[in-house]
Amino acid sequence: MMKWLERIHQMVWGPWTLVIFLGVGIYFTVKCHFFQIRGFLYWWSHTAGRILSGKASETGGQQESDHAGKGHGEAKKGISQFQSVCTALAATVGTGNIAGVATALTAGGPGALFWMWISALIGMITAYVETMLGIRYRYKDSEGHYVCGPFVYMERGLGIKGMGVLYSFLCLMCSLGMGSMVQANSAISTMEYTWQVPALAGGLVFTGILTLVICGGISRIGNVAEKLMPAASGIYIIFSLIVIFSCFDRIPAALASMVSSAFCPEAAAGGGAGYVVSRSIRYGISRGVFSNEAGLGTLAVLHGPVENTTPHEQGMWAMFEVFFDTVILCTLTALVILCMTDSAPETVPYQGAALAAWCFSGRLGLVGEYLVSGSMVVFAFATIMAWFYLGKQAAAYFVSRTGLGEYAGRKFAARVYPLLFLGAVFLGSEARLDVVWMLSDIWNGLMAFPNLTALLFLSREVTLPEGFRGGLGRRAAGGKTTP
């Protein structure tokens, strides 16, 4: 079975898939006049700049689109803008920022970091587009909860309900695999290796804490995310900078090796599509996509419950999240590894998270090892927490659109899905997950195809913020707010 799964995995995540990701991103980059670059100061000042300056609002901007939300405005069942950002970061910031970066560097060389930057630069505009469309087409159900995501703009924007059903099914399966079992297995294995916590005890505690969080719904998830992610990310950034600046003299060599390795076609990636791509390009771009999830459509779901915002505003926050995830966090991990290994990570007898732990402990001792292990556990927990909301939304949509109706969908998502998800988390802490990981990665990749297709067909709906000069002309300045 694994042999067949590996073949399917190679087809789904082959070089041609990366070309599609890049192609769609480049298309929207040109269409949006390189907004992620030319408009850096603009979108930064409307996102992280507002927080750093203390001007951030808890509610965001004036509501621009709630197509079916009229009549339910009194019942605020969403979350604040900052909470949505932290929840989205919880889904994207995870083991890929540590173990994934280490794997990319050992397999693709220092140049993989350069191509991760390229992946992020292009992915930023894709994240903007999918999140903007998600907010534009979102609506409120009969209980006043927001329904948002690619399945919504596939059904309401394209008029293709079947595509939305397919996407929601893939998202649901991913949540029960990649979003729960795989992440829990990574966290519990780390706890067992570093602190000798028995897998059964770790699984019970992990599942119990998660139960307390998710039983409070999106409000509690948002509250936990807004406290957990800034603290965890801040600690990781501080200690990463300590290690990097402690070997300041090696930084120029690390950057030079990154550039020189980025354009060396050491080995052909192959694949049925016949593209010849260097290992640096292949591993850098694929790990970048895996880390920030731009193009998969998940960011559109996670930004859905924000109260009183606009499509453009949330789109810019999605851009910031991709930037923070890949350009900041992944870069810090990569520089720590490159500086500590003299730009030759493949010569060290460690891989993945073990390589990162070895590099941090080389400067910080046991504290460094505990830092990496603790970060892996916290980031994995945050990812599971965010994926619960993703899967719950997908489950409600999938069941409601398979002939059972909205009421049945809500009840399944509220009563059955949490039990399935928590069971998957606990099972993930106990079982070997080779098959589950492979299946989840396949489902994860397949999510991109209907989503990217929908983005292309809805490209005429894409506009830039009204205040940004040099936008999309008269149509953008007009501030179209409904499809």
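Quick rundown of the values:
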item: Region 168-185, residues that are open to solvent by less than 10 Å² (accessible area, probe 1.4 Å) and either over 14 Å from residue 293 (Cβ atoms) or outside any helix (DSSP H, G or I) (or both); result: 168, 177, 180, 184
item: Filter result (within 16 Å of residue 170 (Cα to Cα) and either open to solvent by 50 Å² or more (accessible area, probe 1.4 Å) or among the acidic types (Asp, Glu) (or both)) within region 406-430; result: 420
item: Selection from region 107-126 of residues that are open to solvent by 10 Å² or more (accessible area, probe 1.4 Å) and of a type in the set (Val, Ile, Thr); result: 118, 122
item: Residue 100 vs. criteria within 23 Å of residue 19 (Cβ to Cβ) and modelled with pLDDT under 95; result: yes
item: Region 225-252, residues that are more than 17 Å from residue 376 (Cα to Cα) and either in contact with a Pro (Cβ under 8 Å, 6 or more places away or on another chain) or open to solvent by less than 60 Å² (accessible area, probe 1.4 Å) (or both); result: 226, 243, 244, 246, 247, 251
item: Residues (touching a strand residue (DSSP E or B) at 6+ places or on another chain (Cβ under 9 Å) and of a type in the set (Phe, Trp, Tyr)) located in region 106-152; result: 139, 146
item: Any chance residue 328 is assigned to a helix (DSSP H, G or I) and surrounded by fewer than 24 Cβ atoms within 10 Å (Cβ to Cβ); result: yes
item: Residue check for residue 361: farther than 30 Å from residue 84 by Cβ and assigned to a helix (DSSP H, G or I); result: yes
item: Filter result for residue 173 (at pLDDT 95 or above and of a type outside the set (Phe, Trp, Tyr)); result: no
item: Counted residues, region 393-405 - those being surrounded by fewer than 23 Cβ atoms within 10 Å (Cβ to Cβ), touching a residue at least 40 places away in the same chain (Cβ under 8 Å) and in contact with a helix residue (DSSP H, G or I) (Cβ under 6 Å, 6 or more places away or on another chain); result: 1
item: Pick from region 39-90, criterion over 24 Å from the mean Cα position of the chain (by Cα) and modelled with pLDDT of 50 or more, ranking: surrounded by the most Cβ atoms within 10 Å (Cβ to Cβ); result: 76
item: Filter result (of a type in the set (A, V, I, L, M, F, W, C) and surrounded by fewer than 24 Cβ atoms within 10 Å (Cβ to Cβ)) within region 360-376; result: 364, 366, 367, 371
item: Scope region 129-156; condition under 24 Å from residue 85 (Cβ atoms) and open to solvent by 10 Å² or more (accessible area, probe 1.4 Å); matching residues; result: 139, 140, 141, 145, 146, 147
item: Selection status of residue 212, within 19 Å of the chain's Cα centre (by Cα) and either assigned to a helix (DSSP H, G or I) or without any contact (Cβ under 8 Å) to a residue 24 or more places away in the chain (or both); result: no
item: Any helices (runs of 4 or more DSSP H) falling wholly within region 221-310 and containing at least 3 residues that are over 23 Å from the mean Cα position of the chain (by Cα) and at pLDDT below 85; result: 251-262
item: Scope region 337-356; condition buried (at least 24 other Cβ atoms within 10 Å of the Cβ) and in contact with a Leu (Cβ under 9 Å, 6 or more places away or on another chain); matching residues; result: 337, 338, 345, 355
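Yes or no, residue by residue, for (1) modelled with pLDDT under 85; (2) aliphatic (A, V, I, L, M); (3) out of contact with any Gly (no Cβ under 7 Å at 6 or more places or on another chain):
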{"position": "383", "(1), (2), (3)": "no, no, no"}
{"position": "395", "(1), (2), (3)": "no, yes, yes"}
{"position": "426", "(1), (2), (3)": "no, no, no"}
{"position": "445", "(1), (2), (3)": "yes, no, yes"}
{"position": "453", "(1), (2), (3)": "no, no, yes"}
{"position": "460", "(1), (2), (3)": "no, no, yes"}
{"position": "464", "(1), (2), (3)": "no, yes, no"}
{"position": "480", "(1), (2), (3)": "yes, no, yes"}
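Residue-by-condition table, conditions (1) among the charged types (D, E, K, R); (2) touching a Lys or Arg at 6+ places or on another chain (Cβ under 6 Å); (3) part of a helix (DSSP H, G or I); (4) at pLDDT 90 or above:
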| site | (1), (2), (3), (4) |
| --- | --- |
| 389 | no, no, yes, yes |
| 399 | no, no, yes, yes |
| 409 | no, no, yes, no |
| 420 | no, no, yes, yes |
| 429 | no, no, yes, no |
| 435 | no, no, yes, no |
| 468 | no, no, no, no |
| 476 | no, no, yes, no |
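The values are calculated or read from the model by the stated rules, or taken from the named source; none is laboratory data. No experiment lies behind these values; they were computed from the predicted model shown. Here Cβ is always computed from backbone atoms with ideal geometry, including for glycine, and neighbour counts include all displayed protein chains. Each accessible area value is taken on the protein alone, full model and side chains, heavy atoms only, with ligands, DNA and RNA left out. Shrake-Rupley method; radii C 1.70, N 1.55, O 1.52, S 1.80 Å.
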